[in-house]
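The block underneath contains the structure these notes are about, expressed in structure tokens.
Nothing in this text is a laboratory measurement; each read-out follows from the coordinates by a stated rule. Everything numeric in this text was worked out from a predicted model, so none of it was measured. Cβ coordinates were reconstructed from backbone atoms using ideal geometry, including for glycine residues, and neighbour counts include every protein chain displayed.
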Amino acid sequence: MVADSIKFSAPGKVILFGEHSVVYGHPAIAAAIGLRALCEVTRSNEETITISAPMLFSDQTFTISEKSIVPTELESFKHILLLLSRSHENGFIPKVELSSSIPPSAGLGSSAATAVSLTASLLEFYGHDHDLETINDIAFESEKITHGSPSGIDNSISTYGGGIIYEKGVITPLTSKIPSSTLVIIDSGIPRQTKKLIEKVQKKKDVEPKNVQTIFNKIEDITLDAKKYLESGNIRQVGNLMNENHELLEKLDVGIPFISNIVDFIDKTDALGRKLTGAGGGGSVIALYDDYEYAKDVVSDFVINGFDAYLTNIFETGVKIEE
Ligand code: PMV
């Protein structure tokens, strides 16, 4: 028996340490955030599967079949829909409605969170097992369509939640003693494609293999130190290491002047540390504070100046069913 309406949500993420080098097998630390993607699946009266995603395409509904053509942003979700509808026999047709409070193309894992919530909802809709490993594996395949050769960190953190250290596909939970409400996220508003940034670093690595390997090794040392300081609750050291990680990302050429301007502004505040998060080339900057009220004022200043900025909890719950 299939419920009339099934809803699952999944969190976005920030990469605290180790983006890019993680693609080459080095460790990275990610944390789930308080912004979430939501998927609602209902039984349709139509004969074909439909999907709407108002946060990407307001007012438009797309039909999904092997032959249907959908916008690039929905390709990976079409893949999940076809994959899961192929292996079911109950004859029910899903109507899928996606929504999200995670800004797209901002380095906050919006595509992965949507893929995770969609996968979980459809598995439930078709009466399949929806253990976390299955959800994560399917969402990872979908992420490959969106991002080329992603490490898998985005789908993993969105599925499992909390904090993780991720290395060569192995996920180890990380227990942080850092207070959870002190992270400010500033979305530069400059969209970028993770895939292109990964390719850019790959090209740099082809041209300057030794230099790039040295940068990756330094990022690895920082990430492993950060793990220790997160576990012991030494927020000041975590902040210092964020600054160091940011400089190394700039050396990988994934910084841009506008991100540097945001960083310069943050440096005039009492931030403990700041860095770009995710692929770079635009996207978001994160900043760590030890005073909640002060961090709230920093967010207000950014918002007054026309930015989307968030004060969010980190180490949030992974994919979950919604009432
Ligand atoms: O910008 P995002 O959230 O897509 O993060 C990408 C992180 C990379 O390390 C650059 C790629 C990856 O798959 O890990």
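Per DSSP H run of at least 4 residues, take -39500 (n - 2.57); add these up for the chain, divide by its residues and hand me the 222 nm value, nearest 500 deg cm²/dmol.
One gets -13500 deg cm²/dmol as the mean residue ellipticity at 222 nm.
When averaged across all projection directions, what area in nm² does the alpha-carbon convex hull of the stretch 79-137 cover? It would help to have the intermediate numbers written out before the result.
Values: hull surface 17.6 nm².
Hull-based average projected area comes out at 4.4 nm².
What's the angle, to the nearest 10 degrees (0 to 90), between helix 235-251's Cα axis and the longest principal axis of the chain?
It works out to around 80 degrees.
Over the Cα atoms of the stretch 85-239, how large are the radius of gyration and the largest Cα-Cα distance (Dmax), in Å?
18.3, 56
Taking the Cα atoms of the stretch 193-301, report the difference between the largest and smallest coordinate on each principal axis, in whole Å and largest first.
46, 31, 20
Given Cβ point charges of +1 (Lys, Arg) and -1 (Asp, Glu) and nothing else, what value in debye, to the nearest 20, does the dipole of the stretch 182-312 about its Cα centre take? Write down the numbers at each step before the final one.
Values: 17 positive and 21 negative charges, 138 e Å.
Its charge dipole is roughly 660 debye.
Mind pulling the angle between the C-alpha long axis of helix 110-125 and the longest principal axis of the chain? Nearest 10 degrees, somewhere in 0 to 90.
30
Which Rg and Dmax, in Å, describe the Cα atoms of the chain?
19.6, 60
Kirkwood hydrodynamic radius, computed over distinct alpha-carbon pairs, for the stretch 1-69: how many Å, to one decimal? Walk me through the numbers on the way to the answer.
Values: mean 1/r = 0.0644 Å⁻¹.
Kirkwood hydrodynamic radius for the stretch 1-69: 15.5 Å.
For the stretch 75-146, calculate the relative contact order in percent as a whole number, restricting contacts to Cα pairs under 8 Å that are 6 or more residues apart. List each step's numbers first, then the result.
Values: 55 pairs, mean separation 32.4, N = 72.
Across the stretch 75-146, relative contact order equals 45 percent.
Can you give the local net charge around Ala309? Use residues other than it whose beta-carbon is closer than 12 angstrom to its beta-carbon, Lys and Arg +1, Asp and Glu -1. Before the final figure, lay out the partial values.
Numbers: positive: Lys296; negative: Asp187, Asp297, Asp301, Asp308.
So the surrounding residues net to -3.
What is the distance in Å between the Cα centroid of the stretch 78-152 and that of the stretch 225-272?
32
Between helix 72-86 and the chain, what is the angle of the helix's C-alpha long axis to the longest principal axis, kept within 0 to 90° and rounded to the nearest 10?
On a 0 to 90 degree scale, this one is about 50.
For the stretch 198-209, take each phi angle, set θ = phi - 60°, evaluate the Karplus expression 6.51 cos²θ - 1.76 cosθ + 1.60, and give the result in whole Hz per residue in order, putting x for glycine and proline.
For the stretch 198-209, the Karplus-derived couplings read 4, 5, 4, 5, 4, 5, 4, 5, 5, 7, 10, x Hz, x marking Gly and Pro.
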